[in-house]
Amino acid sequence: MKRSKINAEIKHMEEMIQAHGFEIPPFCKWGAEEWQTKGAEYNEIRDNMLGWDITDYGLGKFDEVGFSLITMRNGNL
């Protein structure tokens, strides 16, 4: 998927989330530049791969089979 499509889908999801009165974790709103400023205290978020997951399953057909979600909690061993 092109980054522009991913960004558009995240924007769409943010609008839908806001319309329904749900609040997402702050780290879901950080861009790449802000993530680069975060130190080891945020490694749990990185290690557990929390945040946005936007996929078209490698098919190039997001509008037909794509899926968007936010992982807010994920365990580790």
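The values are calculated or read from the model by the stated rules, or taken from the named source; none is laboratory data. Keep in mind the model is a prediction, meaning the values are calculated, not measured. Every residue, glycine as well, gets a Cβ built from its backbone with ideal geometry; the counts of neighbours run over all protein chains shown.
Quick one: in segment 21-33, of everything that is under 23 Å from MET1 (Cα atoms) and exposed (fewer than 10 other Cβ atoms within 10 Å of the Cβ), which residue is modelled with the highest pLDDT?
Narrowing segment 21-33 to residues under 23 Å from MET1 (Cα atoms): 27-33.
Now narrow it down to the ones that are exposed (fewer than 10 other Cβ atoms within 10 Å of the Cβ): 31-33.
Numbers: GLY31: 90, ALA32: 89, GLU33: 94.
By that ranking, first place goes to GLU33.
Any chance segment 32-45 includes a residue that's assigned to a loop (DSSP other than H, G, I, E, B) and on the phi > 0 side of the Ramachandran plot?
Going residue by residue through segment 32-45, those that are assigned to a loop (DSSP other than H, G, I, E, B) are 37-39.
From what's left, on the phi > 0 side of the Ramachandran plot: none.
For segment 32-45, residues assigned to a loop (DSSP other than H, G, I, E, B) and on the phi > 0 side of the Ramachandran plot: absent.
So which residues in segment 34-77 are among the basic types (Lys, Arg), surrounded by 13 or more Cβ atoms within 10 Å (Cβ to Cβ) and more than 15 Å from the chain's Cα centre (by Cα)? Steps first, answer last, please.
Residues of segment 34-77 that are among the basic types (Lys, Arg), as a first pass: 38, 46, 61, 73.
Applying the additional criterion that residues be surrounded by 13 or more Cβ atoms within 10 Å (Cβ to Cβ) yields 38, 46.
Scanning segment 34-77 gives a single hit, LYS38.
When the residues of segment 46-77 are filtered to those that are among the aliphatic types (A, V, I, L, M) and in a loop (DSSP other than H, G, I, E, B), which remaining residue is modelled with the lowest pLDDT?
LEU77
Select from segment 1-31 the residues that are assigned to a loop (DSSP other than H, G, I, E, B) and in contact (Cβ under 8 Å) with a residue 24 or more places away in the chain and write down the one among them that is farthest from GLU64 (Cα to Cα).
The initial filter retains those residues of segment 1-31 that are assigned to a loop (DSSP other than H, G, I, E, B), namely 1-2, 20-25, 30-31.
After this cut, where a residue has to be in contact (Cβ under 8 Å) with a residue 24 or more places away in the chain as well, the list is 1, 24-25.
On the way: MET1: 13, ILE24: 26, PRO25: 28 Å.
That would be PRO25.
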